[in-house]
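The block underneath contains the structure these notes are about, expressed in structure tokens.
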Amino acid sequence: MRYPALILLIAITACSPRAVSIEEGDEVFVPSQRNPTEVLEQIQGQQPPLHTLGGRGRVQLSSPGNTDRSAVLFISDRERTLLTFRNSLGIEAGKLLVEPDSVTLYNRIDQYARRVSTSDQDALLESGFYAVNMLSVLSPDMEERSPRSLHESAESWRFTFDDHTRMFFSRDTGELTRMEFRVMSPVAFSTYLFANRMDEQHYYLPRNIQILSNDRRSNIFITIQSYDINPSNPQFDLNIPSSITIFR
């Protein structure tokens, strides 16, 4: 008479949900029992809003068959980013204007301009340029995101959001250490790694950023030399001469 009860117990045990662990590098994450929204609010704290961000740094792009180094100046708000690149000789090579729906490249050396949709921006890599909204990467706006799930390891929180973006935060400091976007193309850049944060007017911003393509064959290394917090009167003009046609 005990056998049916034993069989039922085994069936219930086999069907019961188990905590699924996830390996990310050297860390093992398990589902957290904490409320994702509450944890995210605690991490963000009471830091004042960051509306505009400027800065300068050095960039190294490495992709199959190509390595390029340049200096970069940037100004960024939540909608636009203007990046100005200088080559190793200190000559202004070009500018990129990143907007919500498009990216416009002005190649000052070869004297041409090109505009592509945001989804096609990786085509600009062949010219040695990469487009990204710097403020959205360096200081993401969490109020526009809804956490879907939360995993934890001994060192980190791992959030998954409704748009499938994943963000990793240090449990000790609350710093954003990694951000992953869901992309389909193997050559699209999907993973951002942040390190060596510095205090700029009570904003903790990374000095080093590494950006990886989906297939891990291309890398962008950015070393930030200085930041300008909430600069007044930011300018986003590409200053393209009227004689140059913007190809689409």
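The values are calculated or read from the model by the stated rules, or taken from the named source; none is laboratory data. These numbers were taken from a predicted model, which means no experiment stands behind them. Note that we place each Cβ from the backbone using ideal geometry, even for glycine, and neighbour counts take in every protein chain shown. For accessibility, only protein heavy atoms count, side chains too; no ligands or nucleic acids. Shrake-Rupley method; radii C 1.70, N 1.55, O 1.52, S 1.80 Å.
Using a probe of 1.4 angstrom, how much of the accessible area of the stretch 101-248 is carbon and sulfur, in percent?
43
Among residues other than Gln111 whose Cβ falls under 13 Å from its Cβ, what is the net charge (Lys/Arg +1, Asp/Glu -1)?
+1
If contacts are Cα pairs under 8 angstrom and at least 6 residues apart, what is the relative contact order of the stretch 25-171 in percent?
20
Grab the Cα-Cα distance for Asp101 and Glu144, subtract it from 0.36 nm times how many residues apart they are, and report the gain in nm with one decimal.
13.7 nm
Taking the chain as a Gaussian network, where each spring joins two C-alpha atoms under 10 Å apart, which residue of Thr118, Thr191, Thr52 fluctuates the most?
Sorting by GNM fluctuation, first place goes to Thr118.
Using a Förster distance of 30 Å, how high is the FRET efficiency between Arg171 and Asn208, based on the Cβ-Cβ distance and rounded to 0.05?
That gives a FRET efficiency of 0.90.
Could you provide, to the nearest whole Å², the per residue accessible area of the chain with probe 1.4 Å?
Value returned for the chain: 58 Å² of accessible area per residue.
For Asn196 and Thr223 in the same chain, what is the full-extension length gain: residue separation times 0.36 nm, less their Cα-Cα distance, in nm?
Between Asn196 and Thr223, full extension yields an extra 8.7 nm.
Calculate, for Ser21 and Thr245, the FRET efficiency according to 1/(1 + (r/R0)^6) with r their C-beta to C-beta distance and R0 51 Å; round to the nearest 0.05.
With R0 = 51 Å, the Cβ-Cβ based efficiency is 0.40.
Among Leu82, Leu97, Leu40, determine the one that fluctuates most according to a GNM of the chain built with springs between C-alpha atoms less than 10 Å apart.
Among Leu82, Leu97, Leu40, the largest GNM mean-square fluctuation belongs to Leu40.
Need one value: the accessible area of Val183 in square angstrom, 1.4 angstrom probe, rounded to the nearest 10.
The accessible area of Val183 comes to roughly 40 Å².
Around Ser32, which amide H atoms from residues at least 5 apart in sequence, or from another chain, sit under 5 Å from its own amide H, with H modelled in the peptide plane?
Result for Ser32 returns Leu150, His151, Glu152.
Return the calculated 222 nm mean residue ellipticity for the chain, to the nearest 500 deg cm²/dmol, obtained by summing -39500 (n - 2.57) across DSSP H runs with n ≥ 4 and dividing by the residue count.
One gets -3000 deg cm²/dmol as the mean residue ellipticity at 222 nm.
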